[in-house]
Amino acid sequence: MKAKHLKLSLMIAIMTVVGGCNNAPRQFKLQFIMETMNNYRTTLELDERGGYVITSQNFFMDRHAGKAAPETNFGELTQAETDRLKSLMQRCNLMKMDDAYGFETDANPVTENIIYQIIYNADGKEKMITIRYNPDIKLPATYVALHEFFIDCLKKYS
């Protein structure tokens, strides 16, 4: 009887630890948008399987050409990259971040015209975070690591 009770207690403890540590959503969609206002936009869309879509559009050149000409690349992250993305997202906890960063002061139009947006959909909830680049901005360190991951993906797969 003691052995059964011990096994049951051990199984419950293991399930609690494993289930409690793995609070990442099973399905999600994440968009990272980087835009210089009215000139250029790049969007990186990622999902839980590691699928990505990168869309880049040069609004300035499109206006001169008289038509929109976005460039789109798509594919799959490596398994290691997908695992890293999930780990970074779990540590970052996007749903608990503020909605906006970098808007506390007036923008310098020369150096602070880059806007980043993160649109995160998971578990039926959506979170949008907007960041205006500012050299003095204070972002959570966990987000900075995720942001660097986004930039690395754009460099590698664009």
Item to check | Approximate shape of region 114-156 as ellipsoid semi-axes (Cα gyration tensor, √5λ), whole Å, largest first | outcome: 19, 15, 11
Checklist entry - Past the 18 Å Cα-Cα mark, which pairs from Lys86/Lys127; Lys96/Lys156; Lys96/Lys155; Lys29/Lys156; Lys29/Lys86; Lys29/Lys125? => result Lys96/Lys156; Lys96/Lys155; Lys29/Lys156
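Taken together, the values in this text are just the output of simple stated rules run on the coordinates, not laboratory data. If you're wondering where the values come from, they're calculated on a predicted model, not measured in any experiment.
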